[in-house]
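Asker: Got a structure for you, written out below as structure tokens; questions coming shortly.
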Amino acid sequence: MLNRLFVFTLLICLSVASNGYSADIPTKKTAQVQSGLYVTAKEAYDILQNDSSALLIDVRDPIEIMFTGYATETDIHVPILLSDRTQKHPKKPVYAMQKNKNFLAEVTAKLEALKADKNTKLIFMCRSGSTRSAPAADMFYQAGWKNAYTVVDGFEGSKSKSGPSKGIRNVNGWKNSGLPWGYKLDFEKMYMADR
């Protein structure tokens with residue numbers, strides 16, 4: 001049993017090391033993915049520039065994107081969670097979030113339209129790389145997409161720990177790394193809810 005565990009651990013390490021990217025494995029369990037594929041926003045951008053078949057999938061709520069901006073490199077936008085303006089969050093002073101029950105089907109349809117296959121690199125991004133991009137990457141990994149990455153620092157990045165900007169998301173992330181982004185929404189890619 002110990003030998004199998006060692007071999008499995010070695011294979012995972014080699015798999016992660018062989019992707020050429022060095023984002024650390026997050027310590028937060030909700031940010032860890034089954035594929036073992038972690039990239040920073042800068043590394044995600046490099047993949048997109050060097051592999052024309054790689055796809056960036058933004059899984060944030062559409063209203064969040066409208067007010068905070070989005071990566072212009074985004075190929076697909078489908079939220080994994082949607083704000084429910086009829087309910088407040090039970091623990092935080094924000095609206096509750098509800099699972100998008102059609103997430104897997106909606107993203108799969110867009111992948112098919114883009115002629116992606118199960119070897120395509122799918123790069124999932126949310127605000128900070130934890131509670132949305134990681135579960136999205138896991139969902140697709142479990143569905144057979146073995147190159148399901150999560151962007152560990154997300155679109156907005158980490159919070160500043162000190163100084164006048166303490167608590168503000170201005171450390172790393174797509175938006176703070178000098179990567180292309182904007183506020184003007186591209187409705188060819190943006191999610192539109194059915195009424």
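No lab work stands behind these numbers, since they all come straight from the coordinates. Nothing here was measured: the structure is a model prediction, and the numbers come from that model. Note that we place each Cβ from the backbone using ideal geometry, even for glycine, and neighbour counts take in every protein chain shown.
Asker: Determine the shape class of the range 22-75: with a ≥ b ≥ c the square roots of the Cα gyration tensor eigenvalues, call it rounded for a/c under 1.5, and otherwise prolate if a/b is greater than b/c, oblate otherwise.
Answerer: Oblate, since a/c reaches 1.5 and b/c is not below a/b.
Asker: Between 0 and 90 degrees, rounded to the nearest ten: what's the tilt of helix 133-142 against the longest Cα principal axis of the chain?
Answerer: On a 0 to 90 degree scale, this one is about 50.
Asker: Assigning unit charges at the beta carbon (Lys, Arg +1; Asp, Glu -1) and nothing else, what dipole magnitude in debye, to the nearest 20, does the range 21-182 show about its Cα centre?
Answerer: In debye, rounded to 20, the range 21-182 gives about 800.
Asker: Please compute the modelled spin-label separation between LYS159 and LYS28, points set 7 Å along Cα→Cβ, answer in nm with one decimal.
Answerer: Rounded to a tenth, the inter-label distance reads 1.0 nm.
Asker: Taking amide H positions as placed 1.01 Å from N in the peptide plane, with prolines and chain starts having none, which residues 5 or more places from LEU81, or on another chain, fall under 5 Å of its amide H?
Answerer: Amide H to amide H, under 5 Å and 5 or more residues apart or across chains, LEU81 pairs with ASN100.
Asker: Which one of TYR95, TYR38, TYR70 has the biggest mean-square fluctuation once the chain is modelled by GNM with Cα springs under 10 Å?
Answerer: Between TYR95, TYR38, TYR70, it is TYR95 that shows the largest mean-square fluctuation.
Asker: Is the shape of the chain best called rounded, prolate or oblate, per the rule: a/c under 1.5 gives rounded, else a/b larger than b/c gives prolate, else oblate, with a ≥ b ≥ c the square roots of the Cα gyration tensor eigenvalues?
Answerer: Rounded, since a/c falls under 1.5.
Asker: Another question about this same structure. Please compute the contact order of the range 110-156 in relative form: average sequence separation of alpha-carbon pairs under 8 Å and at least six residues apart, divided by the residue count, as a percent.
Answerer: 45 percent
Asker: Another question, if that's okay. PHE187 to GLN142: FRET efficiency via 1/(1 + (r/R0)^6), r the Cβ-Cβ distance, R0 35 Å, to the nearest 0.05?
Answerer: So, using R0 = 35 Å, E works out to roughly 0.70.
Asker: Just tell me which lysines come within less than 23 Å, Cα to Cα, of LYS189; anything on the same chain fewer than 8 places away is out.
Answerer: LYS42, LYS99, LYS101, LYS110, LYS115, LYS118, LYS121, LYS175
Asker: Just from its helices, what would the mean residue ellipticity at 222 nm be for the chain, if runs of 4 or more DSSP H residues each count -39500 (n - 2.57) and the sum is divided by every residue, rounded to the nearest 500 deg cm²/dmol?
Answerer: Roughly -9000 deg cm²/dmol at 222 nm, from the helical runs in the chain.
Asker: Also, I was wondering about something else. Fully extended, how many nm does the chain gain between LYS91 and LYS118 (0.36 nm per residue separation, minus their Cα-Cα distance)?
Answerer: Length gained between LYS91 and LYS118: 5.9 nm.
Asker: Right, next: If packing is taken as the average count of other Cβ atoms within 10 Å, what order do 134-144, 53-63, 81-91, 155-165 fall into, highest mean first?
Answerer: Ranked by mean Cβ neighbours within 10 Å, highest first: 53-63, 134-144, 155-165, 81-91.
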